[in-house]
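The structure under discussion appears below in the form of structure tokens.
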Amino acid sequence: MSTRRGWHLKIKGLMVIAATVMAVPCQAQSVIIYPAKGQSQSQQDQDNYACHSWATQQSGYNPSQPPPQASPYGPSPLRGAARGAAIGAVGGAIGGDAGKGAGIGAATGALIGAMRRRDQYAQQQSSNSQQQSLYNRAMATCMQGRGYTVG
């Protein structure tokens, strides 16, 4: 019983490690616009809309319709654990303890799956951030060209 409990603690420890390696999303900053030449609110709204349309065309990004955010946890963390348990059980059976092998395989499979999901999530966040940054630069360029101070 004590060795079985020890394996449960190791599995829980691996799950904690898997949870701590998940990426944390970050948000890009917005453009701050000031009507430097005394533009009216109506004129600023018109310029903002025209520049928004142009910046969207230039960047392929529309902040009013942000891309869907993928979960850093993926569809199911249990899928990797189940696969790992099956492989571990076979390996453990060869070594004489299928239960121990299944436990180790489940923990390893869950950890590897979490690392893959983290990497995919980070790539998507990086791509979204680059598109938003390009949009912000295009928006700033357009509004500066229309006489606004941009920060």
Flagged pairs (Cβ under 6 angstrom, 6 or more apart or on separate chains; first in the range 45-59, under 17 Å from G147 (Cβ atoms); second polar (S, T, N, Q)) are none
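Taking into account only those residues within the range 42-73 that are hydroxyl-bearing (S, T, Y) and modelled with pLDDT under 90, which is nearest to Y135 (Cα to Cα)?
Of all residues in the range 42-73, those hydroxyl-bearing (S, T, Y) come to 42, 49, 53, 56, 59, 61, 64, 71, 73.
From the residues that got through so far, the ones that are modelled with pLDDT under 90 too are 64, 71, 73.
Values: S64: 12, S71: 24, Y73: 28 Å.
Filtering the range 42-73 for residues that are hydroxyl-bearing (S, T, Y) and modelled with pLDDT under 90, the one nearest to Y135 (Cα to Cα) comes out as S64.
The values are calculated or read from the model by the stated rules, or taken from the named source; none is laboratory data. Keep in mind that what you see is a predicted model, and the values were worked out from it rather than measured. Reconstructed Cβ throughout: ideal geometry from the backbone, glycine too, with neighbour counts over all protein chains shown.
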